[in-house]
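In what follows, a structure is listed as structure tokens, so that the remarks can point back to it.
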Amino acid sequence: MPELPDIAAYLYALERRILGANLEAVRLGTPFLLRSVKPPLVETHGRKVARLRRIGKRIAIGLEPGYWLVLHLMIAGRLHWHKQPPKLSKRVIASFDFSTGSLSLTEAGSKKRASLHVVESEKELIGLDPGGLEVMEADLFAFKAALTAQNHTLKRALTDPHIFSGIGNAYSDEILHRAKLSPIALTSKLTPAQIQGLFEAVRLTIEEWTARFIGEAQDTFPEHVTAFREGMAVHGRYGEPCPRCGTKVQRIRYADNETNYCPTCQTGGRLLADRALSRLLREDWPRTLDELEAIKRP
Ligand SMILES: [Zn+2]
């Protein structure tokens, strides 16, 4: 699922291409993409792009005078840029045709989870925000308050969009490795030093990857957004050596996903039984990542 650094790069690339441009039409390959009823999509046609924003893991395109198109890519949705309006197909499920070019949305796989909302006020826009803390704008005090408000495993707390904004499965693995903390450590059991270390790890990890992707988006549209990046320490690197200590990276499978960690750096050298850990993480989890993403704010 595209996370904060990926979304930041998409927004950066879009600002250079569509800010000030006219939205000529939105074409949908499937009616199921659109999850809102009012205002009708056609009302957005012919309007100028006034602003762009990130709302959690969503991309919000602001149109004059106060409309917003809000896209959630979920796990398999990706954006692409075209000079000419592309043809819709099974894979190309929407095209946003601007006066400067077209933005298409593709979604791989049979489970179509990506969504589009059209809203016409700031209030409705905020209503789509799961409400997690924007860590890059927060201080240690606010971070600690969000982290410890409920007792969860660290993996769950970091990836829950109601607790923290924009962090998902990939960057939480990288953050925990950097902070040398176990994914199954409980938030209520952390020392002040561990919380501070985690706060710094979140900020450094997000900052570094965002800077890298924005750098890459200087010249080209981010066409190759993936959760598995060259240079990641543990995420997607099961069985490969930890770049810090050389120990083989391990995994814990839970729900429909897995978390990767280095036992030497993160769990005191313990190779914890996969099944017991899976159970622990699963009990701290909705059934799927999609469900975690879709839970409404209480
Ligand atoms: Zn290590």
### Query
Using alpha carbon centroids, what distance separates the stretch 107-135 and the stretch 214-259, in Å?
25
### Query
Once phi is turned into ³J(HN,Hα) by the Karplus curve 6.51 cos²θ - 1.76 cosθ + 1.60 with θ = phi - 60°, what whole-Hz value does each residue of the stretch 181-198 show in order, with x for glycine and proline?
10, 6, x, 9, 4, 8, 4, 6, 9, 7, 7, x, 5, 5, 5, 5, x, 5
### Query
What list do you get for MET74, MET136 if you sort them by fewest beta carbons within 10 Å?
MET136, MET74
### Summary
Taking every DSSP bridge whose two residues both lie in the stretch 4-126, the antiparallel percent to the nearest 5 is 95
#### Entry: Sequence-distant residues sharing a close amide H with GLY166 (under 5 Å, placed H)
LYS57
#### Entry: Radius of gyration and Dmax over the Cα atoms of the stretch 4-126, both given in Å
13.0, 36
### Query
What is the dipole size for the stretch 54-163, taken about its Cα centre, with +1 at each Lys and Arg Cβ and -1 at each Asp and Glu Cβ, in debye to the nearest 20?
800
### Message
From the phi angles alone, apply the Karplus equation (6.51, -1.76, 1.60; θ = phi - 60°) to the stretch 214-219 and give each ³J(HN,Hα) in whole Hz, x where the residue is Gly or Pro.
### Response
5, x, 5, 7, 4, 9
### Summary
For the stretch 116-126, in residue order, the Karplus 3J(HN,Hα) values (coefficients 6.51, -1.76, 1.60; θ = phi - 60°; whole Hz; Gly and Pro = x) are 10, 10, 10, 10, 10, 8, 4, 5, 5, 4, 4
#### Entry: For the chain: rounded, prolate or oblate by the Cα gyration tensor [a/c cutoff 1.5]
prolate
### Summary
If each K or R counts +1 and each D or E counts -1, the residues other than LYS248 whose Cβ falls under 13 Å of its Cβ total +2
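Computed from the coordinates by the stated procedures, all read-outs in this text should not be read as laboratory data. Just so you know, these numbers come straight off a predicted model, no measurement behind them. Cβ coordinates were reconstructed from backbone atoms using ideal geometry, including for glycine residues, and neighbour counts include every protein chain displayed.
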